[in-house]
1. Determine which single condition B:VAL217 fails, assuming it passes every other condition in (1) open to solvent by 60 Å² or more (accessible area, probe 1.4 Å); (2) farther than 22 Å from B:CYS103 by Cα; (3) at pLDDT 90 or above.
2. If you go through segment B:87-126 one residue at a time, how many are among the small types (Gly, Ala, Ser) and open to solvent by 20 Å² or more (accessible area, probe 1.4 Å)?
3. Among residues belonging to segment B:41-50 that are modelled with pLDDT of 90 or more and open to solvent by less than 10 Å² (accessible area, probe 1.4 Å), point out the one that is nearest to B:GLY265 (Cα to Cα).
4. Kindly list the number of the only condition in (1) modelled with pLDDT of 80 or more; (2) surrounded by fewer than 19 Cβ atoms within 10 Å (Cβ to Cβ) that fails for A:LEU303.
5. B:ALA240 is checked against (1) open to solvent by less than 20 Å² (accessible area, probe 1.4 Å); (2) within 10 Å of another protein chain (Cβ to nearest Cβ); (3) more than 22 Å from B:PHE205 (Cα to Cα); (4) out of contact with any Gly (no Cβ under 7 Å at 6 or more places or on another chain) and fails just one. What number does that condition carry?
6. Please specify each residue of segment B:262-290 satisfying the condition of being open to solvent by 30 Å² or more (accessible area, probe 1.4 Å) and not in a helix (DSSP H, G or I).
7. Among the residues of segment B:140-157, is there at least one that is under 21 Å from A:VAL258 (Cα atoms) and not in a loop (DSSP other than H, G, I, E, B)?
8. Condition first: within 7 Å of chain B (Cβ to nearest Cβ) and touching a residue at least 12 places away in the same chain (Cβ under 8 Å). Now tell me which residues in segment A:146-171 satisfy that.
Amino acid sequence: MHRTLLLLVVGVSLAFGVDWFLGEFIEEYVVRIINLCGIAIILAVSLNVINGLCGQFSLGHAGFMAIGAYVSAYFTTTLRVLNTETGETVVRAPLFDGAWGFVPALLIGGMAAAAAGLVVGVPTLRLKGDYLAIATLGFGEIVIIMLTNFESVGAARGLPGLPNYASSFWILTFAWICVVSSVFLQRSTFGRALVAIRENELAAEVMGIRVARLKVMAFIYGAFFAGLAGGLLGHLLRTISPSTFGFMKSIEVVVMLVLGGLGSLTGAIVGAIVLTVLPEALRDVEQQAKLPGIRMVVYALVLILLMIFRPQGIFGQRELSLKLLRRLLPGGRK
Amino acid sequence: MLELLATAEPGGTSLAQALLQQVANGIAKGSVYALIAVGYTMVYGVLQLINFAHGEVYMLGAYFSYYPAKWMGYTTDPEDPTFVPAKVPLYVVGFLFVCSMACCAFLGMLIERFAYRPLRNSSRLAALITAIGVSLLLQNGGIMLFKADPRGFPTLIEQSSVDLGLVALTNTKIIIVVVAAVMMTGLHLFVQKTRPGAAMRACSFDMRTARLMGVNVDGTIGLTFAIGSIMAAVAGVLVAMDQPTIDPLMGLMAGLKAFVAAVLGGIGSIPGAALGGLLLGVTESVVGTFSTTYAEAVAFVLLILVLLVKPSGLLGKSGREKV
C-alpha cells in the first residue's frame, strides 16, 4: 500500500517536472509528439493485457477509444444541439469546467468504455482467434457508424471545440498510472491466471481458473484505459470525428504491440514510441524525396518484413530490464 | 428506383413495391459480395488465414481494366472536356475482363508466394498481421500510384433500365447477377468434379495427408489464390462498370463485408459464400430503404449475431476441439 502511494507520488511529481521542463525549453512540435507517445503507451499497454497476457486477439480498441473520447467530450465541451421542434440551436454550457473538471470527465469516459468492454466481452467469450478478431472489429465499426448517426455530437462532421485540457502533465500522469498498474497486474495472481489462459485455456480451466470471468475482466481493464486514452487524445487534438477512431486506429495499436513483442510490457512501450515517432520522421523523408504517400507504404513493408523475419517482435515475451541490459553490455555477466 | 421511393407511402402498396425493388437491387449487390467472398472462403478453407488483402485485389481488378481502357483511348479525358471517347466494342470489353483476371491471378499468386508462404509454419497471428500488412501496402501503394481521388471508369456498356414486371433494374445490374451466377456455378463444378478441385478439397481437409498422397500442396494453394483473385477481379470490373467511379479505397469496406458474407454462409463453403453474399446484400438494401447510414452497420450486426448463435455459419461444418 505504501509502495503504491509512493509510486503514485513519484509519478505525479515526475510528470509535473517533465511538464514544466517541456513547456519551458522544448519546441511545441516535439512536445506534441511526446504527448502522442504518452497516449500511444496507454493504448499499447492496455491492449497488451487483452492481446498479450490473456491471448484474446482484439481488433476493437479504437471503438473503446471513441466511446471514451466522445463521453468525456460530452462533459467538457460547449455543445450546440439543434432542437428539432423549434428548429433553433441550443447552446449548452460544459457540465464540468476547468482543468479539475477534466479528470472526472476522463474517468467517466473510461468507465463508459469499460462498460462497453463488458458488453463486448461477455457475448464474445466463446469465440477464439480469428473469429474474435473479426467480431471485435465489427464492434468497432458499429460504434463508428452509430457515432456517425448521432446528430447531437456532430455526426460525420465530428465534434469541434474540445477545450485544451490534455497537457503533458495529465497525459504523462495517466501513462504512468497505466504502466504501473499493468506491472502490478502482471505480477498478481490475476495476471498469472491470464497468462495461463493464453497458454492453454482448457488446462487453465481444469486448474480451477475461472476462465470466462477473467477474460471479461481483462476486456474491462483494457477498455477502461483505452477510453482514458481516447479522452486524452480528443482533448489534445481538440476536434474529434468518427473517422479518427476507424479500424485503422485499432490496427495501429495492434502493430505497436506486435512490433515490441506481444506479451511484453516494455515491448509495448517501445513499440508505441517507435511507431509514433517513425511516421513523423518519415514525414521529412517524404517531403525531401517528393514522394507523397511513401510513408504508409514503408510502414506496411516494415510490418510484413518484421512478421516474416521476426514474428515474435523485438523483445518476444521478454522484458527489457536492467539485468538484460547488463548482460548485453560488453564485459557484463553472462 | 428513386421515383419509386419518392412515391412510396408507409403502409401502402407502393412501399411493398419499393421493398421489392430493394430486394432486386440487393441481389445485384449480394452477387458482388458473393464473388469476393469465395476468395476469402477458399483461402480460409485451405490455410485458416483471413486474407485481408483480398479486398485490395478486388480494387486492383478494377484498375487493371481501367488502365488498358485508358491506353486504348476509351476513357474521358479530364484535361480535354470536348474529347468524346469511342464506344467500347464487345471484344474489347472481353479483353478488359481477361486482362484484369490475368493480372489479378498473377498478383494473388505473388502475394501467396512472397508474403504468406514464408509464414506457413509460424503462428496464425503472425500470418493475420502479415495479411493486414499486405492490405495496407496495396492500399497505400494504390493511393501513391493512382492518387486518392476517384476516377471515372469508361462506359463499357451503355446503361439502360430494364423492366422486369414488378421491378426495374439497370442492364449492368442484370449482367452482374448473371455473370456472378455463371462463375459461381462454374467454380462449384470445378471444385467438385475436376482433379485440381479434388486436390483443393483434400488440402483443406488435411494438408499433411494430402501431401503424403502425392498432392502438390504448394501448387494447389497457389491455384486457390489465383482462382479467388480471378473472382475478385471480375467483381471489381463489374462494380466499376455499374458505378462508374473507382478509387484506391474501394476495396476496404467491400472486402470486410465480403468477409462477413463468407462467415455468414459458413467459412470454407462455396455455396455458403453465395448464400451469405446474397443474404447480406438483400438485408443491407432493405434496411437502406429506411436509413442509408444505418445500412452500413447491418453487415457487422449480422456478423456478431451469426458468430454468437451459430459460429460455423449457415452452411459450415462445426468442429469440436479435441483435448
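The values are calculated or read from the model by the stated rules, or taken from the named source; none is laboratory data. In this text, all values refer to a predicted model and were calculated from it rather than measured experimentally. Methodologically, a virtual Cβ is constructed for each residue, glycine included, from the backbone with ideal geometry; neighbour enumeration extends over all protein chains shown. We work out accessible area using only protein heavy atoms, side chains counted, and drop any ligands, DNA or RNA first. Shrake-Rupley method; radii C 1.70, N 1.55, O 1.52, S 1.80 Å.
1. So B:VAL217 meets the others, but not (1).
2. 4
3. Going through the qualifying residues, I end up with B:THR41.
4. Answer for A:LEU303: the failing condition is (2).
5. Failed condition: (2).
6. Answer for segment B:262-290, where residues must be open to solvent by 30 Å² or more (accessible area, probe 1.4 Å) and not in a helix (DSSP H, G or I): B:ILE267, B:GLY268.
7. Looking for residues that are under 21 Å from A:VAL258 (Cα atoms) and not in a loop (DSSP other than H, G, I, E, B), one finds at least one in segment B:140-157, hence yes.
8. Once the filter is applied, which keeps residues that are within 7 Å of chain B (Cβ to nearest Cβ) and touching a residue at least 12 places away in the same chain (Cβ under 8 Å), segment A:146-171 yields only A:THR148.
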